[in-house]
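Step one of this worksheet: look at the structure below.
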Amino acid sequence: MPLSELIVIDAEIVGGKPVIRGTRLAVEFILELLAAGQSESDLLMNYPGLTHEDILACLSYASYLAHEYRAYPIPA
């Protein structure tokens, strides 16, 4: 399933933060749990509505944002 179908942004859900479709689980929350050392199996067990594809979509979303970020020097 394409990323755009798994990650949604709606101003009425979690203050407009990107979430996993059909949940109130913010992408940033899943990424924070993974960064803190939680395994995929832990996440799948603790959040029954979550799928392997959802987790991959969160990682893909983070990768997209990392590729989009640019820092430009300010001319002196």
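Please treat every number below as a calculation from the coordinates, not as lab data. Just so we're clear, the structure is a prediction, and the values are computed from it rather than from any experiment. Using ideal geometry, Cβ is built from the backbone for each residue, glycine included, and neighbour counts are taken over all protein chains shown.
Taking all Cα pairs closer than 8 Å and separated by 6 or more residues, the relative contact order of the chain comes to 25 percent.
For residue 7, the residues 5 or more places off, or on other chains, whose built amide H falls under 5 Å of its own are 21. Using the Cβ-Cβ distance between residue 65 and residue 13 with R0 set to 22 Å, the FRET efficiency from 1/(1 + (r/R0)^6) comes to roughly 0.70. 3J(HN,Hα) along segment 18-32: x, 10, 6, 3, x, 9, 10, 8, 6, 4, 4, 5, 4, 5, 5 Hz, from the Karplus curve 6.51 cos²θ - 1.76 cosθ + 1.60 with θ = phi - 60°, whole Hz, x for Gly and Pro.
Each residue of segment 66-71 was assigned a 3J(HN,Hα) from its phi angle through the Karplus expression (A = 6.51, B = -1.76, C = 1.60, θ = phi - 60°), giving 5, 6, 7, 6, 9, 10 Hz with x at Gly and Pro. Charges on Cβ only, +1 for Lys and Arg, -1 for Asp and Glu, centred on the Cα centroid of the chain; of 25, 52, 69, which one is farthest towards the dipole's positive end? Going by the charge dipole, the pick is 69.
Dipole size of the chain about its Cα centre, with +1 on Lys/Arg Cβ and -1 on Asp/Glu Cβ: approximately 180 debye, rounded to the nearest 20. Scaling the Cα radius of gyration of segment 18-76 by the globular reference 2.2 N^0.38 Å produces a ratio of 1.40.
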